[in-house]
1. Considering only DSSP states other than H, G, I, E and B, which chymotrypsin sites (Phe, Trp or Tyr not before Pro) in region 1-41 qualify as loop sites with at most 10 other Cβ atoms within 10 Å?
2. Compute the relative contact order of region 1-99 as a whole-number percentage, counting only Cα pairs closer than 8 Å that sit 6 or more residues apart in sequence.
3. How much accessible area per residue does region 159-313 have, counting only protein heavy atoms and a probe of 1.4 Å, in square angstrom?
4. Between region 222-301 and region 39-53, what is the C-alpha centre distance in whole Å?
5. Zone of Ser291 (label point 7 Å along Cα→Cβ, backbone N under 20 Å): which residues in region 98-126?
6. What's the carbon and sulfur percent of region 215-306's accessible surface, probe 1.4 angstrom, rounded to a whole number?
7. Enter the Cα centre distance for the pair region 54-82 and region 151-172, rounded to the nearest angstrom.
8. In percent, what relative contact order does the chain have, based on Cα pairs under 8 Å that are 6 or more apart in sequence?
Amino acid sequence: MKAVFLDRGSFPEEVFIPVPEGVKETHFFHNSNDTNTLERIQSADIVMTNKAVLTRALLEQASNLKLVQVMATGMNNVDLDACKELGITVQNVAGYSTVSVPEHTFAMILELRRNLTRYREAIKQGRWSQSEFFCFMDYPITDLANSTLCIIGKGTLGKQVEAIATAFGMQVIFAEHKHTDSVRDGYVAFDEAIKAADIISLHCPLTDQTHHMIDEDAFKLMKPNALLINNGRGGLVDEHALVNALKQGKIAGAGFDVATTEPMPQDHVLQTICDLPNFILTPHVAWASESAISRLLQIACDNMNTFIKQQTS
C-alpha cells in the first residue's frame, strides 16, 4: 500500500512518525493546499491528514483511496458524507490527550488565580528591590480550594479535570445542555451552573447546539470574579461577547487555547485583548505534550495496521 501524510509539518520535526508494516511506500509532505493535494492523493491507498482539507471534489478523483486517517480527534476537515458514499473509511484518534489538556487547563487557572506572570514581570522591573517590606502584594492571589468549578462536557477530559479539581479541594458541578427542560442525574441546569461557578471550563464538542453556547446572555449570568477556560473549540464561545465581558469587567479573566480561525490572523478579535493581564491565549497546544503526541501517533499507526489487516484477511 501507498500512504501519504499531507501535513506532517503540523507535528514537530524531531518526532518519529510510525508507519504500518503493510505500507511499502510513504510520502511525507510538510503541508498541502488546494493546488497540490489532488496530485498527492490520487494514487494513494491511505491518506494521513491532521488539518489538511479533503473535499468531495478531491475525494472523487482519488480512485485508489481506501482510508483517511485523521491524525487528530476532530474530523471537520474531511467530507465524511462523500467518504461514506465513495466507500472510503475514515478513522480519527481519540483519548490521547487525557493528561495534556487537563494539565493545560489547570496551568491557565493557576496563572489567572495567582497572577504568577504579573509578579514575575514586576520583579524584573525592580519592584521587589524597591519594596519596603519582605514581600509585595500588588496583585490578588486566590486559592482554588473551596471554589466552584463548572465543567461543560462530561467525557474523558471533563472527568479528568474533575479529578484534578477534587484534589485541589474544589467543588465540581457539571452543566446540563443549554436550552433543555430536563436535568439528568449528576448535572445542574445550565443557567444555574453558570451562575454558581467561580470557574467555567469547556470540554464539549462543537455542534450546531453548542455553537456560541457562551454568549452575551451567558456572560450576564456569571459572577464578576468568574474565570472562563476554553480548551475545547473556538466556536463554543461568542468571541466578541468575550471581548466585551473582559473589557467591561463582567468576568475576572479567561484562558483560551482555541479560536474560530486558526492560525489566528492579526485582525482576529481576540488579538485586541492579548495585552490584557487577565487574558491568556495559547496557540492550540493544550493537546501537544510530548507524551500526548507520541501516544496519538502510535494510536494512529495501530488504527492503520488494524485496517490493513482487515483488508488483507
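The values are calculated or read from the model by the stated rules, or taken from the named source; none is laboratory data. For clarity, every value in this text was computed on a predicted model and none was experimentally measured. Using ideal geometry, Cβ is built from the backbone for each residue, glycine included, and neighbour counts are taken over all protein chains shown. Surface areas here come from the heavy atoms of the whole protein model, side chains and all, with no ligands, DNA or RNA. Shrake-Rupley method; radii C 1.70, N 1.55, O 1.52, S 1.80 Å.
1. On the way: sites: Phe5, Phe16, Phe28, Phe29; in loops: Phe16, Phe29.
Loop-located and lightly packed - Phe16.
2. 26
3. Per-residue value: 50 Å².
4. Result: 29 Å between the Cα centres.
5. Answer for this model: 98-110.
6. Values: 2000 of 4060 Å².
That fraction is 49 percent.
7. The two parts, judged by their Cα centres, are 34 Å apart.
8. 15 percent.
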